[in-house]
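Nothing in this text is a laboratory measurement; each read-out follows from the coordinates by a stated rule. Predicted model only: the values in this text are computed from it and were never measured. Ideal geometry is used to build each Cβ from the backbone, glycine not excepted, and the neighbour counts take in all protein chains shown.
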Amino acid sequence: MSQRHSLRDKLQRKSIAIPGDRLRQKLPGPAEEYQEFIPAAKVSRKIEYQSIKGDLHERLIDELNQEEALGLDDEELKSRINQFVGQVLDTETLPLNETERNRLATDLLDETLGTGPLATLMADVSVTDILVNRYDQVYVERFGILQETDVRFRDNDHLIRIIERMASRVGRRIDTSSPMVDARLPDGSRINATLPPATIDGPTLSIRRFGRRRLTQADLLRLGMFSEVMSRFLNTIVRNRKSIVVSGGTGSGKSTLLSAVAEAIPDQERIITIEDAAELMLSQTHVIRMETRVPNTEGRGSITQRDLVVNALRMRPDRIVMGEVRAGEALDMLQAMNTGHDGSLTTVHANSPRDVFARLETMVMMADVDLPSRAIREHAVSALDYLVHVRRYEDGKRRVERISEVVGMEGSTPQLQDIFTFVVTGQSDGQIRGQFRPTGVVPRIADEILTTRSGEIDRDWFGRQNG
């Protein structure tokens, strides 16, 4: 009984150094008597390991800096880190079990080369967003739902070191004089980080992750993003060089849908993609990828999307695919669509298809051109053929809410007609129930194609329900 009480006292003080899975094997008596204390012991063990790893990481960084080894390539740096860990384990007595000793080199490698404590989340294919609000508060999004994790940084300095490392590996800089950074990691993930004074309570980090492989139309069809008839219709309008804008809110799946829609572009066509941070993954072979660049520390060397659009027009493109229009490049994109580069694709942040025109008008005005509102709207209506609006619903699923055709102007107002819509029919078990339905409107392209070549489009697509 005294042995049992002694163990209970140690557990209650959270000072025991036995991992939880081995702890149950060593308990004198039923494990249920100690259940309330076992989690505390596991937390204490994790904190102790993190403390040891943190101290060794600081020593490792100091040594690498002194040896000017941080500039080595990844393989050389990995070898140097393994050598450091081997020396420490051979010459020093550390309170680590065998599993932790084996893990130490990998964790230090992740801390130095990669994303530190976030490495396990980065390896999880179900995680689409990683949001670090504070050093001790990390959230992830899985299947459209935000969840808090048990991942923790040791302190703000630890988080800042990871942010600086991630930024430096992609040629970006972040410090108190330039406290914000937006960049793309080598695996295609997009990161945004801030430091005080931009964020008052400490550094933050947001990582938008992209799958290891591109989601195809077949994948999105299986996930219920649109119906089979909608997929066939989108392929038809892309093949027939109709200019399309994909609209939606943040995280609604615009870029994913844009990549999937672009599958229908014939492989022999020359495609130029223009993005602020390269995210699009196209399957065609004749693709030129272009990406913006921020100014250097001297305020020089910036490359804007407007610069890229203007240059792309001189590169003999068959199609221009712009990841997203955010500012004055909207004018150049519309001009390109109106001057022989039809069939181009892009995305816009907007709350509805009709809101797209208001957003484009605002962005064209950012190009410092003195055009009246009516002229801008006419320019946009002439350039665009179809608007595809995507939305992330309350159940976390992303769906195409409507496909609309641009039919002209009435007075000063752009006119749209919906071809397909998603109709919500109910909700059960937290899941939205609904159907993708045609509105009964037959788009102009149907008449164009049916009079020239049969078999590519079916008028029945637009006159019956397709769930």
Given H placed on each backbone N at 1.01 Å, which residues far from ILE432 in sequence or on other chains put an amide H within less than 5 Å of it?
-> ASP395
Fully extended contour minus Cα-Cα distance, from GLU269 to VAL369, at 0.36 nm per residue = 32.8 nm
For SER206 and THR99, extending 7 Å from Cα along the Cα-Cβ vector and measuring point to point gives, in nm, a value of 3.6 nm
Packing-based order for 367-375, 323-331, using average beta carbon neighbours within 10 Å, highest first | 323-331, 367-375
With x for Gly and Pro, the residue-by-residue ³J(HN,Hα) of the stretch 373-379, computed from phi through the Karplus equation 6.51 cos²θ - 1.76 cosθ + 1.60 at θ = phi - 60° and given in whole Hz, is 4, 4, 5, 5, 5, 4, 4
Please give the net charge around SER243, taking every other residue with its beta carbon less than 9 angstrom from that of SER243, where Lys and Arg add +1 and Asp and Glu add -1.
-> 0
Using the beta-carbon distance between ARG444 and LYS397 and R0 = 41 Å, what value does 1/(1 + (r/R0)^6) give for FRET efficiency, to the nearest 0.05?
-> 0.85
Coil-residue GluC sites (Glu not before Pro) of the stretch 220-269, DSSP, other Cβ within 10 Å capped at 15 = GLU269
Using modelled backbone amide H atoms (1.01 Å from N, in-plane), which distant-in-sequence or interchain residues come within less than 5 Å of GLU401's amide H?
-> HIS389, VAL390, ARG391
Additional length obtainable on full extension of the chain from GLN50 to ALA327, 0.36 nm per residue less Cα span = 95.2 nm
For the stretch 116-208, restrict the atom set to alpha-carbon positions and state the Rg and Dmax in Å.
-> 12.4, 37
